[in-house]
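Written below as structure tokens is the structure these notes are about.
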Number of protein chains: 2
Amino acid sequence: MLFHQTGYVSEDPRIEEPRGCGVDRPEDLTDTMDVLIVGTGPAGVIAAAQLSQYPDVNTRMIERRPDRLEIGQADGIQARSVETFQAFGFAEKITQEAYHLREMCFWNPDPTNPQNIVRTGRPADDPHGVSEFPHLIVNQARVLDYFLRSAERGPARITPNYGIEFVNLEIDQDQEYPVAVTVRYAAGEREGEERTVRAKYVFGCDGASSRVRKAIGRTLSGQGAHHAWGVMDVLANTDFPDIRTKCAINSVNGSILLIPREGGLLFRMYVDLGEVPEDDNHEIRKTPVEEIIRRANKIINPYSVDVKSVAWSSVYEVGHRLTDHFDDVDTEDRGTRVPRVFIAGDACHTHSAKAGQGMNVSMQDGWNLGWKLEACSPGARTSPCWTPTPRNVR
Amino acid sequence: MLFHQTGYVSEDPRIEEPRGCGVDRPEDLTDTMDVLIVGTGPAGVIAAAQLSQYPDVNTRMIERRPDRLEIGQADGIQARSVETFQAFGFAEKITQEAYHLREMCFWNPDPTNPQNIVRTGRPADDPHGVSEFPHLIVNQARVLDYFLRSAERGPARITPNYGIEFVNLEIDQDQEYPVAVTVRYAAGEREGEERTVRAKYVFGCDGASSRVRKAIGRTLSGQGAHHAWGVMDVLANTDFPDIRTKCAINSVNGSILLIPREGGLLFRMYVDLGEVPEDDNHEIRKTPVEEIIRRANKIINPYSVDVKSVAWSSVYEVGHRLTDHFDDVDTEDRGTRVPRVFIAGDACHTHSAKAGQGMNVSMQDGWNLGWKLEACSPGARTSPCWTPTPRNVR
């Protein structure tokens, strides 16, 4: 770490001096801003952490939830993401509290008794040593915490405004702040109130059902069928021997992806609930956790899992989906005007839980948007300096 | 790290649940307590961090200064101390912000022109690889910050009461809280007010001129002469080639111990001001920083150092000193009663700055006191369970 450049730093050198927009930054969402980030998921928080290094850019961030994410969601952290954490100074600290994924076990039906599963392989996770960084498992909530802290400690002192949801937007290129964004207070004293704020750029980091994406007329398309997963983070007694190893378990009764969780005790099971029929209308989401536990026990026969505490559970459907465009410029207008609205993360691509990719690629999206704004900073504050090219390299 | 034992931890797992005395811990110094730590130096803060793990013990800590230490004092962290930091969970984090001491250069008078210095050696700092931990340089203020945070995040939620100084103590073994301690508010609204509080045990971690030591009739004795050092943390331009390496510089004009500081830019020079005459009456302490800089330049001839910013400077006299006893039990009473007052760190032994030992051994003192109280916890709360033996092994 390089510090003491301009004098003596007495306290934590990770806390930078506020500068520019970071000095006396208003707590309330301002009427105008250079960048509005919608959503505090992995894509949004890394964009904020990066933009916090550019205090000439007035960046604001809104989040529908009334407070930080507490639990659940993604947990797989690829080595490239840990390298990214390194750039923001918290790789060592998050590694300390994470599960280190060093190998993976495969379980399949026992050929002599197909109702039972047997271990068929235990390959190293990274046999080629492709990265100096480890492959980690740690809750998405903690990843967000660290990026939010980076954003708050950077010179621009960026913090989210919680309890504010995105409603819609309109673009008028002739305005100094071309994007008029309607937001609604979703919590607190002003609950229900709608407001219009104006931004030069909007980052839609608002997830798979992104309203920002819909507002700019983009759609997700891809693999037809949705696949459903019952997910649970549990403390349990079990005789399954690889409970502290990542496992892909395939049995005649279905499949499980087992992920040991940080802290040494908790583990996550993604229990396969199968393809979702077209006419299901999200009925699958009502599957109770008891049913997920019952299925898990059937799958890992002859072993069993006696769940003592469910820290979190959910049923979700996910398909491989990709957006048609990553910004608000239609095909026929390419090159004629500057894009003003970008979508990132699940808003523009969704992934199966099995590969543990979703959070990782979302972070690269958000970082990419952040440093590309830097490429024209401080001009970003006074001129629409972005060209459509960034879209092409993403 | 082991967590999630009793359920799901959503936030930083390093922050433990408050228990026992840590639940609704009064902010003000209480009238009675199990342990009173006097001083928030290295010995005091590590004792607090350790005792914070024992929420059945009501531990309080007072400090004369109105707030945290901001700057200056010790900086050398031996590998054993980093191992100690590991036990409290912050080795990685403090290592990240520290200077790593890997080698040391020796400079001596040039035999062909003794007014100039030449490099005569560059040995590795740890040629035998005795520790898995590094040898670090980082400001004492940061070390204290980390231990204070550990103390605050432990189940007992121990925080210091700043602006309160120790005045005197009296011991009455027949009382439930045998040590009556007179304290005085040294800052804030109650400045000047004296109070008597009662403790079962007192840890005197109040430095070389310890009042706790004097109150129990102990003295420091040892090497007769005091040696004076002018110390300065500076940002400077220099042509001295080893400015980012620890150096022992001996010239015909005196000697310098050069310590590169964390952050990549700042460095510290201990400039030898020689033996202090018996009748000096601390006159040496008035040496201005300009004189220290002048001497430094004379010593490093033919090189020079052009100081641009002095982050901190001080002149201090230090001798090798050791106390006669480490607690309040006189020789003739050994074994007849329980010791109630212990001294630790500089209060019972002082060291030359040159070896970088002082802060390191002080931390081991404080840790030792902490875990030895554990050895009889939770009995510590209700019975005088300590025997005089701990004194013997320290």
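The values are calculated or read from the model by the stated rules, or taken from the named source; none is laboratory data. Since this is a predicted model, take the numbers as computed values, not measurements. Every residue, glycine as well, gets a Cβ built from its backbone with ideal geometry; the counts of neighbours run over all protein chains shown. Protein only, heavy atoms only, side chains kept; ligands, DNA and RNA dropped before computing areas. Shrake-Rupley method; radii C 1.70, N 1.55, O 1.52, S 1.80 Å.
Quick check on my filter: what residues within region A:176-188 are without any contact (Cβ under 8 Å) to a residue 24 or more places away in the chain and surrounded by 17 or more Cβ atoms within 10 Å (Cβ to Cβ)?
Selection gives A:R184, A:Y185.
Find the strands (runs of 3 or more DSSP E) located wholly in region B:121-219 whose residues include 1 or more that are of a type in the set (S, T, Y) and more than 14 Å from B:G41 (Cβ to Cβ), and list them.
B:179-185, B:194-204
Restricting attention to region B:280-300, and to residues there that are of a type in the set (V, I, T) and farther than 14 Å from B:V310 by Cβ, which single residue is most open to solvent (accessible area, probe 1.4 Å)?
Out of the qualifying residues, it is B:I284.
The rows are residues; the columns are (1) under 24 Å from B:D110 (Cβ atoms); (2) within 14 Å of chain A (Cβ to nearest Cβ).
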{"site": "B:E193", "(1), (2)": "no, no"}
{"site": "B:D206", "(1), (2)": "no, no"}
{"site": "B:G222", "(1), (2)": "no, no"}
{"site": "B:A248", "(1), (2)": "yes, no"}
{"site": "B:E262", "(1), (2)": "no, yes"}
{"site": "B:L266", "(1), (2)": "no, yes"}
{"site": "B:E283", "(1), (2)": "no, no"}
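Looking at (1) open to solvent by 30 Å² or more (accessible area, probe 1.4 Å); (2) assigned by TED's automatic domain parsing to the domain that holds A:N113; (3) among the β-branched types (V, I, T), can you tell me which one A:T336 breaks?
For A:T336, the exception is condition (2).
With the condition kept exactly as written, say whether any residue in region B:159-170 is of a type in the set (V, I, T), buried (at least 22 other Cβ atoms within 10 Å of the Cβ) and in the same structural domain as B:P26 (by TED's automatic domain parsing). Explain how you work it out, then say what you get.
To start, the set of residues in region B:159-170 that are of a type in the set (V, I, T) comprises B:159, B:164, B:167.
Still in the list and also buried (at least 22 other Cβ atoms within 10 Å of the Cβ): B:164.
Then drop every residue that is not in the same structural domain as B:P26 (by TED's automatic domain parsing), which leaves B:164.
The answer is yes, given that some residue of region B:159-170 is of a type in the set (V, I, T), buried (at least 22 other Cβ atoms within 10 Å of the Cβ) and in the same structural domain as B:P26 (by TED's automatic domain parsing).
Pick from A:Y8, A:Y54: which is buried (at least 19 other Cβ atoms within 10 Å of the Cβ), modelled with pLDDT of 90 or more and among the hydroxyl-bearing types (S, T, Y)?
A:Y54
Does A:A199 satisfy the condition of being farther than 30 Å from A:Y185 by Cα and either open to solvent by less than 30 Å² (accessible area, probe 1.4 Å) or modelled with pLDDT under 95 (or both)?
no
Looking only at region A:71-91, count every residue that is surrounded by fewer than 21 Cβ atoms within 10 Å (Cβ to Cβ), under 26 Å from A:Y270 (Cα atoms) and either small (G, A, S) or touching a Cys at 6+ places or on another chain (Cβ under 9 Å) (or both) and tell me the total.
Of the residues in that region, 2 qualify.
Please give the number of the condition A:D306 fails out of (1) part of a helix (DSSP H, G or I); (2) open to solvent by 50 Å² or more (accessible area, probe 1.4 Å); (3) in contact with a Ser or Thr (Cβ under 8 Å, 6 or more places away or on another chain).
For A:D306, the failing item is (1).
Taking region B:111-120 as the search range and keeping residues that are free of Cβ contacts under 8 Å to residues at least 40 places away in the same chain, outside any loop (DSSP other than H, G, I, E, B) and open to solvent by 50 Å² or more (accessible area, probe 1.4 Å), which one is farthest from the other protein chains (Cβ to nearest Cβ)?
B:N113
Any idea which of (1) within 14 Å of another protein chain (Cβ to nearest Cβ); (2) aliphatic (A, V, I, L, M); (3) in contact with a helix residue (DSSP H, G or I) (Cβ under 9 Å, 6 or more places away or on another chain) is the one B:I137 doesn't satisfy?
(3)
Return the total of residues in region A:309-333 being over 20 Å from the mean Cα position of the chain (by Cα) and open to solvent by 30 Å² or more (accessible area, probe 1.4 Å).
7
Please give the number of the condition A:V130 fails out of (1) of a type in the set (V, I, T); (2) under 24 Å from B:P13 (Cα atoms); (3) out of contact with any strand residue (DSSP E or B) (no Cβ under 6 Å at 6 or more places or on another chain).
For A:V130, the failing item is (2).
Determine whether region A:70-93 contains at least one residue that is out of contact with any His (no Cβ under 9 Å at 6 or more places or on another chain), under 23 Å from B:F90 (Cβ atoms) and assigned by TED's automatic domain parsing to the domain that holds A:H351.
Looking through region A:70-93, none of the residues is out of contact with any His (no Cβ under 9 Å at 6 or more places or on another chain), under 23 Å from B:F90 (Cβ atoms) and assigned by TED's automatic domain parsing to the domain that holds A:H351.
If only one of B:A215, B:A208 is open to solvent by 30 Å² or more (accessible area, probe 1.4 Å), at pLDDT 95 or above and outside the structural domain of B:Q115 (by TED's automatic domain parsing), which one is it?
Step by step, each of B:A215, B:A208 is checked, and only B:A215 is open to solvent by 30 Å² or more (accessible area, probe 1.4 Å), at pLDDT 95 or above and outside the structural domain of B:Q115 (by TED's automatic domain parsing).
Taking only region B:172-186 into account, find how many residues are among the polar types (S, T, N, Q) and over 17 Å from B:R213 (Cα atoms). Please lay out each step first, then the result.
As a first pass, look at region B:172-186 and keep what is among the polar types (S, T, N, Q): B:173, B:175, B:182.
Imposing the further condition that a residue be over 17 Å from B:R213 (Cα atoms) reduces the set to B:173, B:175.
Residues in region B:172-186 being among the polar types (S, T, N, Q) and over 17 Å from B:R213 (Cα atoms): 2 in total.
What number goes with the only condition from (1) surrounded by 15 or more Cβ atoms within 10 Å (Cβ to Cβ); (2) assigned by TED's automatic domain parsing to the domain that holds A:E291; (3) of a type in the set (D, E) that A:D239 does not pass?
Tallying (1) surrounded by 15 or more Cβ atoms within 10 Å (Cβ to Cβ); (2) assigned by TED's automatic domain parsing to the domain that holds A:E291; (3) of a type in the set (D, E), A:D239 fails exactly one: (1).
Scanning region A:140-175 for residues that are free of Cβ contacts under 8 Å to residues at least 60 places away in the same chain and away from chain B (no Cβ under 14 Å), which turns out nearest to A:E27 (Cα to Cα)?
Only one residue fits best here, namely A:V167.
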